[in-house]
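Below is one structure, written out as structure tokens; the observations come after it.
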Amino acid sequence: MLKIVYRICCGTDVHKSFVVACIASTNEQGVTTYKSKRFSTFTGDLRRCAAWLAENNCKDVCMESTGKYWIPVYNILEPTCKTVLAHPKYVKVIRGKKTDKRDAKWIADIFKHDLVAGSFIPPADIRQLRDLVRYHWKLINFTTGEKNRAQNCLTVSNFKLDDVFSNVFGAYIKPLLVQCTLCAIRAKQFPEVRNRYLALKKRRGHKKAIIAIARMLLTAIYNMLKKNEPYNSQGEQVKVIWIYGPAGTGKNSLAKAYAEKAGQEYYISGSSPDIFQGYGGEHTLIMDELRPKTIPYHDLLRILDPFSLTDPTMAPSRYTDKAIACDLIIITMPFDPLSFYQKEFGSELDVSRVDSFDQLLRRLTLIMYMNDDAMEVVTYNFYGFQFVPGTVVKNPYSTKNRPAPKVDGMAIYRSIVDGTVPVDDTATEKEGG
């Protein structure tokens, strides 16, 4: 007579879409009774299976490791039961009439006598870590395979990089860019690169200037590949938009909306003493509510130079001048360009002045006027500023069309005086009388 080790145990036959559980209960006389029940492999039904085992005081479960189907069942039963996972060859049913209930009963019968050799199952955190490590190793193998495919494509295309580099995919990009930069600053066909290098060298030294030029070349290569365009030594022309109009017409909101639509990071100018204090190389510069004489007029002309990308433009700042690297400048103010110029130098236009009004006008890509109701494009000719026909559109950014939320002033007052002692109005009147 075999010894009964587990008086109450369960044998589980696991399939893809259902589970058959059989509880074997043995009394003191050695008589075993069986209860069988079928559950689906959905999470809710597996939890009901765990609750059914708990109701029958069954804490020992044995199941067959069927493919990957046993894993969710094991995860559900792990917190409440001591589950033994068996290899199929150790719980194989004797040939004959084979059903799911008989399979579960057979597993329960051999398990109650402790005749099943269980497999080692590590704790849940170790299992998760093991899955991550295995997946990481698989990704590394994928990386190696993709590198081999890329190397084969280069070989077939007659790019002999493997004859030059010992490791084609090694960390050679920075030294390679530095060598290309050294060649570019010596080449006569790229004077703009050498001029920029010399300007950076005066302020930052040779090494930092070389790294900056290498980064500029890498950016140029990226833009050439992205836009499928040849190299343009003149660089991309800076676009300058001048937006003017009364206060509350949404000039700043329009500028920010256009910058966000272009998908670029933007910088809004700071306080009047140092409007470029927080500039960090953003591609869009919004000079918000600029006023005459905030910055010197000749500095403004340098900043708005449409071809300033070919040579570093320095904006005046309190401690250290800022290098402007933007390709879009938006100016918002209450004055049109002519009124702005007249407030700088007087009402008369002096054509003989070096920093003339024409110097400012030719730098402006677009001039827009905004009021509470509409916004439109403005041009300047011999007769002065004129509106371009057919450009009038409704202004959705003004406070008239976009009213600000109402603020309850009395509620603020009550929150300020909350907890203070009220004053007797009658006593105040008597004292005043």
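No value in this document is a laboratory result; all are computed from the given coordinates. All values derive from a computational prediction rather than experimental measurement. Positions of Cβ are backbone-derived with ideal geometry, glycine not excepted, and every protein chain shown enters the neighbour counts.
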Exercise for the section: Count neighbours as other Cβ atoms within 10 Å of each site's Cβ, and list the chymotrypsin sites (Phe, Trp or Tyr not before Pro) in the range 79-123 that are DSSP loop with at most 14 such neighbours. Expected result: F120
Problem - Charge-dipole axis of the chain as Lys and Arg at +1 and Asp and Glu at -1 on Cβ define it, positive-most pick from T294, I110, A21 - result: I110
Fill in the blank from the handout: Note, the range 371-381: 3J(HN,Hα) by Karplus (6.51, -1.76, 1.60, θ = phi - 60°), whole Hz, Gly/Pro = x, goes 10, 5, 9, 8, 9, 8, 8, 10, 10, 10, 9
Completion exercise
Answer in debye to the nearest 20: the dipole magnitude of the range 157-258 about its Cα centre, from +1 Lys/Arg and -1 Asp/Glu charges placed on Cβ, is 620
Completion exercise
By the Kirkwood definition, with r running over pairs of different Cα atoms, the range 128-231 has a hydrodynamic radius in Å of 16.9
Exercise for the section: Round to a whole angstrom and tell me the spacing of the C-alpha centers of the range 250-285 and the range 145-204. Expected result: 34
Exercise for the section: Report, in debye and to the nearest 20, how large the dipole of the chain comes out about its Cα centre when Lys and Arg carry +1 and Asp and Glu carry -1 on their Cβ. Expected result: 3120
Exercise for the section: Write out the trypsin sites (Lys or Arg not before Pro) in the range 48-84 meeting two conditions: DSSP loop, and at most 16 other Cβ atoms within 10 Å of their Cβ. Expected result: K59, K68
Handout entry: Coil-residue GluC sites (Glu not before Pro) of the range 1-99, DSSP, other Cβ within 10 Å capped at 10
Key = E28
Handout entry: Under 5 Å, built H, 5+ apart or other chain: amide partners of S40
Key = V19
Problem - Kirkwood hydrodynamic radius over Cα pairs of the range 46-89, then Stokes diffusion coefficient at 20 °C and 1.002 mPa s, in µm²/s - result: 200
Problem - Straight-distance crosslink candidates among lysines, where the alpha carbon sits under 29 Å from K201 and sequence neighbours closer than 8 are dropped - result: K174, K188, K239, K322
Fill in the blank from the handout: With Cα springs under 10 Å, the Gaussian network model of the chain assigns the largest mean-square fluctuation among P88, P396, P292 to P88
Exercise for the section: Report, in degrees rounded to the nearest 10, the 0 to 90 angle that the Cα long axis of helix 173-186 makes with the longest principal axis of the chain. Expected result: 20
Exercise for the section: Output the relative contact order of the range 32-169, whole-number percent, from Cα pairs under 8 angstrom with separation of 6+ residues. Expected result: 17
Handout entry: Relative compactness, the range 61-111, computed as alpha-carbon Rg over 2.2 N^0.38 Å
Key = 1.16
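Among bridges DSSP assigns within the chain, what percent are antiparallel (round to 5)?
Percent antiparallel among DSSP bridges in the chain is about 55.
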Practice task
Using a 10 angstrom cutoff on alpha carbons, build the Gaussian network for the chain and name the most mobile of M216, M410, M333.
Solution key: M410
Fill in the blank from the handout: Given [x] 121, 100, 46; [y] 72, 71, 42; [z] 66, 50, 46 as possible values of Cα extents along the principal axes in Å, the one from the coordinates is [x]
Handout entry: Kirkwood Rh in Å, taken over the range 1-110 so that all alpha-carbon pairs contribute
Key = 13.9
Fill in the blank from the handout: Largest-first semi-axes in Å of the equivalent ellipsoid built from the Cα gyration tensor of the range 17-65 are 22, 11, 9
Fill in the blank from the handout: Taking Cα atoms only, helix 191-204 is inclined relative to the longest principal axis of the chain by an angle, in degrees rounded to 10, of 80
Completion exercise
Across K227, K256, K92, the residue with the highest GNM fluctuation in the chain (Cα network, 10 Å cutoff) is K92
